[in-house]
Every structure is written in C-alpha cells, then in structure tokens.
Amino acid sequence: MDKFRMMFQFLQSNQESFMNGICGIMALASAQMYSAFEFSCPCMPEYNYTYGIGLLLIPPIWFFLLGFVLNNNVSVLAEEWKRPTGKRIKDPTILRYMFCSITQRSFIAPAVWVSVTLMDGKSFLCAFSISLDIDRFGNSSVIQGMSETEKLKFLARIPCKDLFEDKELREAASRYIKCISQACGWMVLLMMTFTAFLIRAIRPCFTQAAFLKTKYWSHYIDIERKMFDETCKEHAKSFAKVCIQQYFENISGEMRGLHRHHSKHDSDNEDEDTWKSDEEKLLGIRAQDDMNKVLWNWHTCKPPLALRKEHEDGEKEGGMNGNINGEINGFVKSHSHDVEKKEWAVYYSKV
C-alpha cells in the first residue's frame, strides 16, 4: 500500500508528465487496436463508402473524447468557466490556454489512428473502390455489356478476395488505391508536423510574459483546487473523529473515566496530543451550517489573489495610529526613535 501511495503522490505532483504518458499510451493503444482489428469490407455498393469512411473517422472521434475524459484539467476548466466572478476576476486567456493544452493532448491518439489507417489502405480501398476507373488498367473488356448496377456491384467486390474472380485486376486496383491512401497518410503526417513546428516557432515571437502569466495561473488554479480538496478531506476526517469521540464521551462517560483511571499516563498524553491536533485541524469550524457556508462562499466568492503579511499590516496600523496621535499631541510617537534627541543641562543658582 505504501508503494501505491507513493506512486499516486508522484503522479499527482507530476500531472503534466503523467498526462503526456497517458496520451502516448492511448496512441499506442490506437495503433494496436487497429492491427488487432479484423477489417471486413461489406463489398456492397450501398455500404462500402459508409463503412470505409466511418472506420476512418469514428474511432478518432472516440479517442478524442476519451482524451478529454481522462484529462483531469477538464473539470478544472469547467469549474473556472462557470464559477461566479466574486472577488476574483476570470481571465479568458487562462481558460483558452487550458483548453488548448487539453485539446493538443487529445489530438495525439486520433492522429495516430488516422495515419495508421491511411498507411494500411484497407478502409480507403473499401470506400473508393466503386469510383475506380477500370480503363486505367486496360481491362475495360471485363465490364463491357454490364448495366450500371452490375458494374457497381462488380467494383464493390474488389476489396474482397473470395468474391472477386480476376486476381490480376484486383491486385492492380488494390495497389493503385493503397498508393493514393499512403500518399494521403504521409500528407496528413507532414501537415501535423509542420503545424506543430509553426506553433513552437511562432510562440516565442509573441509576448513571452503573457504566455508565462497564463501558464503560471493555470498551474495555480489546478494546484489550488487540489490543496482545497486535501484540506477539506483533512477537516472532514478531524470533524468526524471529534464528533465520534464526543458522542462516546456523552454516552459512556463513566466507563470512559474508569478506563482512563486504569490506563497509563503516556497513553493519556498521546490521546491529548491527538485530540489537540484534531482540534487544530478543525480551524474553528465546528458546525455543519458553518462548513456549508464556507463551501458556499468558496464557490461563489473566492478570496482575491493578493496576499498580505500580518506583521506589515500591524506596522502600518501602528504607524497610522502614531500619525494620528502625533497630530493630536504635537509630535509623532511611532517615529520618535528616528529623530535625534538633544540633551539640555540646566543649572539653577541659589544666589
């Protein structure tokens, strides 16, 4: 259990690396699923195009949505987008940065699926075998005398080995369509790589300070949410422990007192220490209505992002009080140590 706990804490502290690993695993899983998937074209004019294009597009959409589901920042983004403004304004650039980072990671697995599918060429062959021109291969005599419906049925059987009789024509048509499919696959890979290169190359040309600002506050929102959840868990644990202890004290006070009389002082001291630590973790919130009010205020009116130091505030308040009293009494008491004091000696004569 300790190893799993350490692993979970490591994944929480390195969430960005963890999400990159998840995206890589999804990409490998998409390629493995396609290799293990048994492609079987229906070889019917009414369904070939639908089956081939559906296999090319629907699984990437599923992988894209799965990337959003597995990304924990989606809930953070939705919460930040829908929360009331309160004392903390919402920055649209931070929301755009979070959405773009989630979208970029979610596009990895669909891109791998599309590229692998186009490189294989089976779905492309199934979808576009009907629109193939037989005259390119010099075998137009095969379809002479056929009606338009019979011609479509004949072309639709090209992806199926068992249903197509002319092996030479099928081999030539399959190679031709697979060549076009692989060319489209390489074009997709080139476009994605070029787009990623442009994003990385153009980003430093803009204001780097704005990018660092959005990146910093997006990390802050994520970490703040985690810290708030951990604090709530600690408070709930302490609240439940103190509530149960008070319950047993009220119900069985005499038995508890007898047990304490016979127990050792060390155990009593340990109980008192744990009791004090639980009391400190409550942070002064000891009622259900108060906790509900705290949670409601956190959602509707988060504290402003302007920290203050109590020591400096005390000095400022002392200085203000000193200035006011100084104006009334004729001198500044709080800054009297800065003014050099002059000593005067007065002699009185008895004459």
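In this structure, the pairs whose alpha-carbon distance is over 24 Å, taken from LYS90/LYS237; LYS233/LYS293; LYS281/LYS302; LYS122/LYS167; LYS153/LYS178; LYS151/LYS178, are LYS90/LYS237.
How many percent of the accessible area of the stretch 20-207 is carbon or sulfur, using a 1.4 Å probe? Answer for the stretch 20-207: carbon and sulfur cover 65 percent of the accessible area.
Subtracting the Cα-Cα distance of ASP162 and ILE199 from their residue separation scaled by 0.36 nm leaves 8.5 nm. With all protein chains in place and ligands, DNA and RNA left out, the 1.4 Å accessible area ranks TRP113, TRP81, TRP298, TRP217 as TRP81, TRP217, TRP298, TRP113, largest first. Across the stretch 20-207, the mean sequence separation of Cα contacts (distance under 8 Å, 6 or more residues apart), normalised by length, yields a relative contact order of 30 percent. Among LEU190, LEU56, the order of accessible area from largest down is LEU190, LEU56, computed with a 1.4 Å probe on protein heavy atoms.
Which FRET efficiency value, to the nearest 0.05, is calculated for THR85 and ALA287 with the Förster distance at 41 angstrom and r the Cβ-Cβ distance? Approximately 0.90, to the nearest 0.05.
Which of PRO42, GLY54, GLN104 sits farthest toward the positive end of the charge dipole of the stretch 20-207, with +1 on the Cβ of Lys and Arg and -1 on the Cβ of Asp and Glu? It is GLN104, whose Cα lies furthest towards the positive end.
What is the calculated FRET efficiency for ALA236 to PHE211, with r their C-beta to C-beta distance and R₀ = 41 Å, to the nearest 0.05? Calculated transfer efficiency: 0.60. Please work out the FRET efficiency for the pair GLU46 and HIS219, using the Cβ-Cβ distance as r and a Förster radius of 51 Å; give the result to the nearest 0.05. Calculated transfer efficiency: 0.45. Spin-label pair ASN250-VAL188: with each label point 7 Å from Cα along the Cα-Cβ axis, the two points sit 6.6 nm from one another.
The values are calculated or read from the model by the stated rules, or taken from the named source; none is laboratory data. Predicted, not measured: the structure shown is a model, and the values here were computed from it. Neighbour counts run over all protein chains shown; Cβ positions are idealised from the backbone, glycine included. Calculation scope for accessible area: heavy atoms of the full protein, side chains included, ligands and nucleic acids excluded. Shrake-Rupley method; radii C 1.70, N 1.55, O 1.52, S 1.80 Å.
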